[in-house]
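S.K.: What follows is a single structure, and I will ask about it in a moment.
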Amino acid sequence: MAKYSMHILVCGGTGCRAAQSTKITENLKQELDANNLSETVQVIETGCFGFCEKGPIVKIMPDNTFYTQVKAEDAKEIVAEHIIKGRKVNRLLYIDPTKKEKVDDSKHMGFYRKQLRIALRNCGFIDPENIDEYIAREGYEALGRCLAEMTPQDVIKIIKDSGLRGRGGGGFPTGLKWEFASKYQADQKYVVCNADEGDPGAFMDRSILEGDPHSVIEAMAICGYSIGATKGLVYIRAEYPLAIKRLQVAIQQAREYGLLGKNILGSNFEFDIELRYGAGAFVCGEETALIHSMEGQRGEPTVKPPFPAESGYWGKPTNVNNVETFANIPVIILKGAQWFRSIGTEKSPGTKVFALAGKINNVGLIEVPMGITLREIIFEIGGGIKDDKKFKAVQTGGPSGGCLTEKHLDTPIEFDTLIAAGSMMGSGGMIVMDEDDCMVAVAKFYLEFTVEESCGKCAPCRIGNKRLHETLEKICKGNGTREDIELLQNMSRVIKDTALCGLGQTSPNPVLSTIDNFWDEYIEHVDHKKCRSGVCKDLMQYVINPDNCVGCTACARVCPVGAISGERKAVHKIDPALCIKCGACIEKCKFNAIFIQ
Amino acid sequence: MTKVKSLADLRKMKEELQNKVNLREKGDNVEKLIQIKVGMGTSGIASGAKEIFNFFIEELEKRNIEAVVTQTGDMGYNFAEPTVEVTVPGKDPIVFGNVTIQKADKIIECYIKNGELVEGILPENYDKIDNK
């Protein structure tokens with residue numbers, strides 16, 4: 001075997017691949033070949049590093065050098081300078097946004113300093129398409145120990161004691177779920193992995209499947225052992241081609257090693273996994289809808305009970321867990337429930353993966369201990385708001401969550417505190433908004449999403465959300481009244497109380513939380529017909545400042561609808577009834593006389 | 001591929017496979033490990049730094065010493081190439097000059113294993129900015 005003295009890790013997550021990281025890998029290999037170094041330096045394509053903002057990422061080990069925004073052409077310089085001469089390529093080093101200094105070691109980056117990686121432990125570290133690297137990192141050891149040294153009840157007890165809660169959004173205790181499923185007797189039981197990640201802006205599950213697929217496979221087998229299931233199914237959206245491919249490769253490798261199949265590791269236990277593809281419907285993240293979709297029926301939820309633990313896939317006891325929940329399982333088995341409880345908070349032990357997006361400097365994937373504050377996430381890990389603008393709100397939990405504002409910045413993040421603050425953990429999307437975002441428009445955006453994604457089975461969700469959306473639209477157009485705000489609040493409460501599944505029960509959250517936290521903005525929209533962020537076009541008015549206007553007629557000539565009138569050398573006027581707010585006049589005016597109100 | 005038949009098999013496999021990734025694991029906690037930096041500027045390489053570099057990597061593993069061997073740029077002691085900087089956790093870094101294979105062997109046996117100094121230590125002639 002070749003003896004490598006250096007490893008070059010190239011990010012092969014979807015984000016970096018879109019920015020041509022595969023080409024970088026190719027070029028690096030070519031350069032190494034050309035310099036006779038392919039025996040001493042190994043190039044490895046890994047899963048997501050999380051620092052997607054500055055992708056593609058290339059990390060050089062063991063000296064921990066972290067290169068950002070690498071281009072395919074840079075491969076030559078990296079090999080010639082760093083690998084051969086040992087000099088770091090300065091211009092590719094990461095620049096700390098607050099200190100404006102170059103950072104050459106990923107340990108000194110604010111982005112990584114506060115993170116603790118459990119679910120993402122192997123992402124950006126191993127080659128996801130090589131089972132040997134996973135095994136080298138204690139992979140399948142947890143499964144081995146469960147089969148050889150523990151009874152199914154022991155396993156469930158560890159998971160129960162660890163206090164692990166479902167990472168898909170609801171936060172239901174995982175151990176309890178397993179226990180329910182284990183108690184029902186049946187000739188066949190199923191383990192399902194929910195990889196139908198549908199929140200706008202969320203990519204936690206995708207990154208885990210792309211970066212460390214074996215951890216999910218191992219955890220599903222452990223779950224199968226503890227509840228008595230021999231079949232596993234991963235319900236994954238067809239929009240995740242790379243995750244699907246890596247999962248398929250991983251399943252195949254596990255079968256070849258006998259880690260899936262019959263008599264796993266010399267025991268009597270048998271387990272295998274198949275994939276089921278979803279068409280990307282948001283409602284199919286709800287477990288009953290997901291099961292129907294897997295059976296080939298319409299992806300519509302049904303009333304619980306019966307819970308899937310009793311009657312799930314083809315009427316058999318089924319345990320459904322989210323990808324991130326599964327990724328935590330092997331570590332908990334290896335390190336114990338007490339260790340897991342020592343991380344995070346009492347009611348929400350462990351860590352949570354978040355996808356940071358929006359108006360923030362370090363967009364990317366992070367994993368932090370529960371109990372961390374929003375301030376730490378946004379200003380330390382996230383590097384603050386883009387362009388030094390003012391922080392306004394952060395949306396957590398996607399279309400089911402709500403907005404948190406400045407007053408929540410120091411609240412510790414855990415399942416229950418977020419619900420108390422009018423939002424929810426959700427699967428971990430976190431969208432940061434600054435002063436340029438209009439909160440009414442944000443609520444409208446999420447409603448648009450739910451209206452589109454509602455399956456239409458129950459009236460409150462099908463009709464109610466549509467009405468909510470219409471009312472918000474009315475307010476954004478400048479036709480809203482105070483009664484409309486009241487209507488929004490009433491209707492929201494009714495929908496929450498009466499909708500059939502989680503989608504409808506949580507869809508009014510963005511409306512309620514924006515009304516609660518940004519009452520002033522709603523009032524401005526209905527009373528003064530004003531949108532302070534300038535997002536709601538219909539509430540903007542183009543006005544000519546008489547002090548600056550010299551009457552050159554340039555604006556009147558360029559206006560496509562003839563909304564500007566005025567004599568030559570006299571102050572002009574814009575007729576708001578005719579104006580279509582195209583902005584042509586502002587561009588034309590040389591005297592800065594036209595402004596938006 | 002052969003099947004993994006038992007937990008013991010799996011553990012054996014893990015031991016064998018570990019060196020595939022332990023270079024990366026070491027990189028994640030360098031401050032707790034012995035670090036060896038070999039100066040590989042043009043003059044270092046011309047004086048044979050590459051052989052010294054490979055010698056350290058191979059020998060440390062053979063002798064079961066956990067250490068991180070990295071190459072670095074020219075250290076400035078061009079009168080005494082090849083130069084090697086050794087940092088034992090908790091101690092100040094020491095730079096050895098005119099390192100040959102024999103001397104590298106001595107560095108491992110005397111300094112790294114027993115903490116005895118070896119002749120050829122170069123006096124530090126500069127301050128590092130991280131001490132300022």
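S.K.: Around A:Leu260, under 10 Å between beta carbons, what's the net of Lys plus Arg minus Asp minus Glu among the other residues?
M.R.: With Lys, Arg at +1 and Asp, Glu at -1, the neighbours total -2.
S.K.: Related question: At a probe radius of 1.4 Å, what is the per-residue accessible area of A:Lys231, in Å² to the nearest 10?
M.R.: 90
S.K.: Averaged over every viewing direction, what's the projected area of the C-alpha convex hull for chain A? Give it in nm², one decimal, please.
M.R.: About 30.7 nm², averaged over all directions.
S.K.: OK, next. Enumerate the amide H contacts of B:Ala67 below 5 Å, restricted to partners 5 or more residues apart or on another chain; note that Pro and chain-start residues carry no placed amide H.
M.R.: Residues meeting the amide H criterion: none.
S.K.: Quote the Stokes-Einstein diffusion coefficient, in whole µm² s⁻¹, for region A:5-74, based on the Kirkwood radius over alpha carbon pairs, a temperature of 20 °C and a viscosity of 1.002 mPa s.
M.R.: Rounded, D is 181 µm²/s.
S.K.: Also, quick follow-up: For region A:355-364, in order, what is each residue's ³J(HN,Hα) by Karplus, 6.51 cos²θ - 1.76 cosθ + 1.60 with θ = phi - 60°, in whole Hz (x at glycine and Pro)?
M.R.: 9, 7, 8, x, 7, 10, 5, 9, 5, x
S.K.: Oh, and also: By accessible area of protein heavy atoms, probe 1.4 Å, what ranking do A:Glu435, B:Glu119 get, highest first?
M.R.: B:Glu119, A:Glu435
S.K.: Follow-up. Compare A:Trp178, A:Trp314, A:Trp339, A:Trp519 by solvent-accessible area with a 1.4 Å probe and give them largest first, with all protein chains kept in place.
M.R.: Greatest to least solvent exposure: A:Trp314, A:Trp519, A:Trp339, A:Trp178.
S.K.: Counting heavy atoms of the protein chains only and a 1.4 Å probe, report the per residue accessible area for chain A as a whole number of Å².
M.R.: Accessible area per residue, chain A: 39 Å².
S.K.: What percentage of all Cα-Cα pairs in region A:331-476 are separated by more than 25 Å?
M.R.: Cα-Cα pairs of region A:331-476 separated by over 25 Å account for 36 percent.
S.K.: When all protein chains stay in place, what accessible area (Å², nearest 10, 1.4 Å probe) is found for B:Ile112?
M.R.: So the heavy atoms of B:Ile112 present about 20 Å² to solvent.
S.K.: I would also like to ask the following. Estimate for me the total accessible surface buried between chains A and B (protein heavy atoms, probe 1.4 Å, no ligands or nucleic acids), in Å² to the nearest 100.
M.R.: 3400
S.K.: To check you understand DSSP bridge types, tell me what percent of the beta bridges within region B:31-123 (both residues inside) are antiparallel, rounded to 5.
M.R.: Close to 60 percent.
S.K.: Find the accessible area per residue for chain B; the probe is 1.4 Å, ligands and nucleic acids are left out, and the unit is Å².
M.R.: Using a 1.4 Å probe on heavy atoms only, each residue of chain B averages 54 Å².
S.K.: Amide H neighbours of A:Met430 under 5 Å, counting only residues 5+ apart in sequence or on other chains, H built in-plane at 1.01 Å?
M.R.: The list, which skips near neighbours in sequence, is A:Ala355, A:Ala357.
S.K.: Moving to a separate point now. Roughly speaking, to the nearest percent, how much of region A:8-60's 1.4 Å accessible area is carbon and sulfur?
M.R.: 40
S.K.: Let me ask you something else. Quantify, in whole percent, the carbon and sulfur part of the accessible surface of region B:31-123 (1.4 Å probe; protein heavy atoms only).
M.R.: Its accessible area is 51 percent carbon and sulfur atoms.
S.K.: Can you give me the span-like helices of chain A, meaning DSSP H runs with 18 Å or more of Cα extent along the axis and Kyte-Doolittle mean at or above 0.0?
M.R.: A:213-227, A:323-335, A:439-453
S.K.: Before anything else, pin down the relative contact order of region B:31-123: Cα pairs under 8 Å, at least 6 apart, normalised by residue count, whole percent.
M.R.: Taking the mean separation of contacting Cα pairs over the length of region B:31-123, I get 32 percent.
S.K.: Would you list A:Lys99, B:Lys113 from the most to the least accessible area, probe 1.4 Å?
M.R.: Correct descending sequence by accessible area is A:Lys99, B:Lys113.
S.K.: Output the direction-averaged projected area (hull surface divided by four) of the convex hull of the alpha-carbon atoms of chain B, in nm².
M.R.: About 10.4 nm², averaged over all directions.
S.K.: Rounded to the nearest percent, how much of the accessible area of region A:445-597 (1.4 Å probe, protein heavy atoms only) is carbon and sulfur?
M.R.: 50
S.K.: A further question follows. Inverting the mean 1/r over all pairs of different Cα atoms, compute the Kirkwood radius of region A:218-339 and quote it in Å.
M.R.: Final number for the Kirkwood radius of region A:218-339 is 15.5 Å.
S.K.: Once Rh for region A:430-510 is found with the Kirkwood sum over Cα pairs, what is the Stokes-Einstein diffusion coefficient at 37 °C and 0.692 mPa s, in µm²/s?
M.R.: Reported coefficient: 255 µm²/s.
The values are calculated or read from the model by the stated rules, or taken from the named source; none is laboratory data. All of these numbers come straight from a predicted model, not from anything done at the bench. Every residue, glycine as well, gets a Cβ built from its backbone with ideal geometry; the counts of neighbours run over all protein chains shown. Side chains included, ligands, DNA and RNA excluded: accessible areas come from the protein's heavy atoms. Shrake-Rupley method; radii C 1.70, N 1.55, O 1.52, S 1.80 Å.
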